[in-house]
1. State the three equivalent ellipsoid semi-axes of the stretch 9-80, derived from the C-alpha gyration tensor as the square roots of 5 times its eigenvalues, in descending order and whole Å.
2. Would you work out which of A95, G183, P166 lies farthest towards the positive end of the dipole of the stretch 88-284? Charges go on Cβ: Lys and Arg +1, Asp and Glu -1.
3. According to a simple spin-label model (label point 7 Å from Cα along Cα-to-Cβ), what is the distance in nm between T266 and I195?
4. Could you pull out every residue, at least 5 positions away or on a different chain, whose amide H is within less than 5 Å of the one on I208? Hs are placed 1.01 Å off N in the peptide plane, and Pro or chain starts have none.
5. Put +1 on the Cβ of each Lys and Arg and -1 on the Cβ of each Asp and Glu in the stretch 9-80; which of I36, A9, A24 then has its Cα farthest toward the positive end of the dipole?
6. State the antiparallel share, in %, of DSSP beta bridges confined to the chain, rounding to the nearest 5.
7. Any number yet on Rg/Rh for the chain, C-alpha, Kirkwood?
8. Calculate the FRET efficiency for F215 and L146 from the Cβ-Cβ distance with a Förster distance of 25 Å, rounded to the nearest 0.05.
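Each value in this text was obtained by applying a stated rule to the coordinates, not by laboratory testing. In this text the structure is predicted, and so the values were computed from the model without any measurement. Counting neighbours? That spans all protein chains shown, and the Cβs are built from the backbone with ideal geometry, glycine included.
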Amino acid sequence: MGQQAQRTARRRRLGAELRALREAAKVPPEEAARAIHGDRTKISRQETGRHRVTLLELDVLLSLYKVKDERTRECLVALASEGHKRSWWRQHGDALSASFKEMLTLETDATSVYAFQSQVVPGRLQTRPYATAVMTGSDPLPQEELEFYIDLRMKRQEIFHRENPPSYLCILPEGILRQQIGGSAVMAEQLRRLISVSRLPEVTIQVIPLSQSAFTCTGGSFIIYSYPEPLGLDVVQVQYLDGTLYLEEDETVAKYQRAWGRLRATALPAQQSIELIESITRELEPE
């Protein structure tokens, strides 16, 4: 059996690029398959992101398609190189859905993360008591499963302390900070956590104040994962009640990037945002 692959954003992007190059070179799928000692099904699965392309296969295909541009080759090699480093969460792979594993892959590999949350504090910034209150308010889970996902959420936050952490920019409406999820004590602790994490050089938190009259339509929360050149890849994550969507089309991603820009224009600057969070925290804490 060949190497089956989860259809991650990188694999989908690589597959689409390889198909475009093959068609431009007027190489039939059967000829491409013979070059890498496979069959037409393998080429089809590679071009749809369902089968991993090894670096050796990539080199053969690029030679067959007469791709000489070094920048193009560099980009495709970077796309094909995913998966060579073992992610911390792979030990739990059997317990996680494909969609959740894609999210973990995206946030582990991204250089920059832009998060807009319309209902709760983002998971990367949550305290354990706050996360427990949020998850308890979702679909009920057995206690053991609930603890597993809370532990996983806490583990994800270690990304801020790795050697080269991504830049993380988060925009929150003020209403999230005033909703006392879990009670006033839990919320006060959560706000102190936001103040603390905002001191990290790679983290920026901005708040859209209740006094802001401008409105930006986003359709709900979203996250943009951004990768530097040579990948040149941006992926938008949109969550809904029954699952998660990953959007990669250039036009769609551009719409979310414009929405992000409008949201940031309505938010307070970072320092003023933290001052507002501090003010709300004092309101929650007993005299």
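1. Values: eigenvalues 51, 40, 22 Å².
Taking √(5λ) for each Cα gyration eigenvalue gives 16, 14, 11 Å.
2. Farthest along the dipole direction, towards plus: G183.
3. Inter-label distance under the simple model: 2.7 nm.
4. HN-HN under 5 Å from I208: L172, E174, L268.
5. Of I36, A9, A24, it is A9.
6. 60 percent
7. On the Cα set of the chain, Rg over Rh gives 1.04.
8. After rounding to 0.05, the efficiency reads 0.10.
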